[in-house]
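Visitor: Take a look at this one; I'll ask things after.
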Amino acid sequence: MKIPIYHVDAFTDRPFTGNPAAVCFPKNWPQDSILQSIAAENNLSETAFVVPDMDGYQLRWFTPTVEVDLCGHATLASAYVLYECLGLVAESVKFFTASGTLTVVREGEKYAMDFPSRPPQACEVHPDLHAGLRASPKETLAARDYFCVFENEAQVRALTPDFGLMAGLDRFAVIATASGEDCDFVSRFFAPAQGINEDPVTGSAHCTLIPYWAKQLGKSSLFARQLSARGGEIWCGDKDDRVKIAGKAVLYAEGEILL
């Protein structure tokens, strides 16, 4: 079996920055164990698998250790490959996923994803959260992930988490965020329990970041940066129960998986 594979850097327009994703196009669905093994072999934060279905595509995402229910950068990367490498000409593309139907629209150099909104709420805080962060945020909320708000961008940049402690938390991951110096807000994303100590740029985290900062800043269109070592840029829109997450992408490599 030969499976086409593309390596795309998402939420950036330059190689070696943004968040790398592998996008694979099997003709039919292999066994889940094969999908997971491919993701582990790729050893990127996410590997996307895309299979044609009716008027769109089935889409699944795997970290090196688990399948996830939502991934932004690998969705953006999948749309990028369909348009830039495989000749898609439609105005938009639909992906059928574990989080419902996700639509991506091409907007010039950007790809705009329509995702569910996941506003953070008050929560009970795991006793190891602050120790795992090695810092005390001014506010802690949660949706899928813990949502930790800091006083300023410098505090978010300076975080050096204890990933061993963080791996034992009772949420999927931890978002650290603050208002930005040259953008509306900044963030970092830590998910050691999912095989990713720090994700370079996390689209799904913006399902929670966007409604929070839209309310705090009183605006529905925002520009954000993720402060990982690779860095990334996200154009955001708050649309009540949905969010717009847009970014650029660049192709790094393409080839075939031989099974």
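The values are calculated or read from the model by the stated rules, or taken from the named source; none is laboratory data. Please read these numbers as outputs of a predicted model, since none were measured by experiment. Methodologically, a virtual Cβ is constructed for each residue, glycine included, from the backbone with ideal geometry; neighbour enumeration extends over all protein chains shown.
Visitor: Just a yes or no: is a residue in region 204-223 in contact with a Cys (Cβ under 8 Å, 6 or more places away or on another chain), crowded, with 17+ Cβ neighbours inside 10 Å and modelled with pLDDT under 95?
Guide: yes
Visitor: Any idea which residue in region 173-203 is farthest from Ala39 (Cα to Cα), counting only those that are surrounded by fewer than 18 Cβ atoms within 10 Å (Cβ to Cβ) and touching a helix residue (DSSP H, G or I) at 6+ places or on another chain (Cβ under 8 Å)?
Guide: Glu181
Visitor: Hey, another quick one. How about region 24-48: which of its residues are of a type outside the set (Asp, Glu) and under 24 Å from Lys110 (Cβ atoms)?
Guide: Residues of region 24-48 that are of a type outside the set (Asp, Glu), as a first pass: 24-31, 33-40, 42-45, 47-48.
Residues satisfying the conditions are Cys24, Phe25, Leu44, Ser45, Thr47, Ala48.
Visitor: Show me the strands (runs of 3 or more DSSP E) entirely contained within region 39-107 in which 3 or more residues are aliphatic (A, V, I, L, M) and outside the structural domain of Phe190 (by TED's automatic domain parsing).
Guide: On the way: elements: 46-53, 56-62, 92-97, 100-107.
By residue number, 46-53, 100-107.
Visitor: For region 150-181, which residues satisfy the criterion of being out of contact with any Leu (no Cβ under 9 Å at 6 or more places or on another chain) and of a type in the set (A, V, I, L, M)?
Guide: Ala154, Ala158, Ala167, Ala173, Ala178
Visitor: Condition first: modelled with pLDDT under 95 and under 13 Å from Tyr6 (Cα atoms). Now tell me which residues in region 70-90 satisfy that.
Guide: Result: no residue meets the conditions.
Visitor: Look through Val104, Val93, Val156 and report the one residue that is over 25 Å from Arg230 (Cβ atoms), of a type in the set (A, V, I, L, M), surrounded by 17 or more Cβ atoms within 10 Å (Cβ to Cβ) and modelled with pLDDT of 95 or more. Break it down into steps so the answer makes sense when it comes.
Guide: Working: Val104 fails: over 25 Å from Arg230 (Cβ atoms); Val156 fails: over 25 Å from Arg230 (Cβ atoms).
Result: Val93 is the single residue among Val104, Val93, Val156 that is over 25 Å from Arg230 (Cβ atoms), of a type in the set (A, V, I, L, M), surrounded by 17 or more Cβ atoms within 10 Å (Cβ to Cβ) and modelled with pLDDT of 95 or more.
Visitor: So, one more: Just for region 28-42: of the residues that are surrounded by fewer than 14 Cβ atoms within 10 Å (Cβ to Cβ) and at pLDDT 95 or above, which one is nearest to Glu198 (Cα to Cα)? Talk me through it step by step, then tell me what you get.
Guide: Going residue by residue through region 28-42, those that are surrounded by fewer than 14 Cβ atoms within 10 Å (Cβ to Cβ) are 28-29, 31-33, 41.
Of the ones still in play, those that are also at pLDDT 95 or above are 29, 31-33, 41.
Working: Trp29: 29, Gln31: 28, Asp32: 25, Ser33: 25, Glu41: 19 Å.
That would be Glu41.
So that you can scan it fast, the table gives a plain yes or no per residue for (1) within 17 Å of Ala135 (Cβ to Cβ); (2) in contact (Cβ under 8 Å) with a residue 12 or more places away in the chain; (3) within 14 Å of the chain's Cα centre (by Cα):
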position: Met166; (1), (2), (3): yes, yes, no
position: Thr202; (1), (2), (3): no, yes, yes
position: Leu217; (1), (2), (3): no, yes, no
position: Leu222; (1), (2), (3): no, yes, no
position: Ala229; (1), (2), (3): no, yes, no
position: Asp240; (1), (2), (3): no, yes, no
position: Val243; (1), (2), (3): no, yes, yes
position: Ala253; (1), (2), (3): no, yes, no
position: Glu256; (1), (2), (3): no, yes, no
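Visitor: Then there's this: Kindly check whether there is at least one residue in region 108-115 that is closer than 23 Å to Glu256 by Cα and touching a Gly at 6+ places or on another chain (Cβ under 9 Å).
Guide: Taking region 108-115 as the starting set, the residues that turn out to be closer than 23 Å to Glu256 by Cα are none.
Among the residues of region 108-115, not one is closer than 23 Å to Glu256 by Cα and touching a Gly at 6+ places or on another chain (Cβ under 9 Å), which makes the answer no.
Visitor: Specify which of the listed residues (Gly218, Gly237, Gly247) is more than 27 Å from Phe25 (Cβ to Cβ), in contact with a Lys or Arg (Cβ under 7 Å, 6 or more places away or on another chain) and among the small types (Gly, Ala, Ser). Give the derivation first.
Guide: Numbers: Gly218 fails: in contact with a Lys or Arg (Cβ under 7 Å, 6 or more places away or on another chain); Gly247 fails: more than 27 Å from Phe25 (Cβ to Cβ).
Answer to the selection: Gly237.
Visitor: Looking at region 141-158, is at least one residue free of Cβ contacts under 8 Å to residues at least 60 places away in the same chain, more than 26 Å from Pro26 (Cα to Cα) and assigned by TED's automatic domain parsing to the domain that holds Tyr57?
Guide: Taking every residue of region 141-158 in turn, none turns out to be free of Cβ contacts under 8 Å to residues at least 60 places away in the same chain, more than 26 Å from Pro26 (Cα to Cα) and assigned by TED's automatic domain parsing to the domain that holds Tyr57.
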